[in-house]
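Only one structure is covered here, and it is reproduced in the block below.
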Amino acid sequence: MILTEEDVRKLLTKKIKDLGIGTGAWCRQNDLDPTSISNVFHGRIRPTKKLLAVLGLRKVVSYERIPRR
């Protein structure tokens, strides 16, 4: 399944909420920088490789042919 960056943010939010802990605690548990995660939440930076790994995701780049006119 292909996810957008917004989907990744929603997944991150759900994962933290389902655990019933704060973002800081979740970051400590997963050895992630809270400032970096906050920046991901607010769309200032893209999800990091380390965050994606914690979420069980990987970044995939794809290309699509566009029709000629």
Mind checking which pairs have a first residue in the stretch 42-62 that is more than 13 Å from ASP31 (Cα to Cα) and a second that is hydroxyl-bearing (Ser, Thr, Tyr), Cβ under 9 Å, 6 or more apart or different chains? ARG44/SER38; ILE45/SER36
Those residues that are in a helix (DSSP H, G or I) and open to solvent by 30 Å² or more (accessible area, probe 1.4 Å), I need them from the stretch 10-23; list them, please. LYS10, LEU11, THR13, LYS14, LYS15, LYS17, ASP18, LEU19, THR23
Does the stretch 9-31 include one or more residues that are within 9 Å of the chain's Cα centre (by Cα), at pLDDT 95 or above and of a type in the set (Lys, Arg)? yes
Filter the stretch 47-69 down to the residues that are closer than 16 Å to LYS10 by Cβ and not in a loop (DSSP other than H, G, I, E, B), then identify the one that is most open to solvent (accessible area, probe 1.4 Å). VAL54
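Quick check on the stretch 39-46. Is at least one of its residues out of contact with any helix residue (DSSP H, G or I) (no Cβ under 8 Å at 6 or more places or on another chain), open to solvent by 100 Å² or more (accessible area, probe 1.4 Å) and either assigned to a loop (DSSP other than H, G, I, E, B) or among the aliphatic types (A, V, I, L, M) (or both)?
yes
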Criterion first (β-branched (Val, Ile, Thr), open to solvent by 50 Å² or more (accessible area, probe 1.4 Å), at pLDDT 95 or above and touching a Ser or Thr at 6+ places or on another chain (Cβ under 9 Å)) does ILE2 satisfy it? no
Do we find that ARG28 is outside any helix (DSSP H, G or I), of a type outside the set (Asp, Glu) and loosely packed, with under 14 Cβ neighbours inside 10 Å in this structure? no
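The values are calculated or read from the model by the stated rules, or taken from the named source; none is laboratory data. Source: prediction; values computed, not measured. Cβ coordinates were reconstructed from backbone atoms using ideal geometry, including for glycine residues, and neighbour counts include every protein chain displayed. Areas reflect the complete protein model, heavy atoms only, side chains present, ligands, DNA and RNA absent. Shrake-Rupley method; radii C 1.70, N 1.55, O 1.52, S 1.80 Å.
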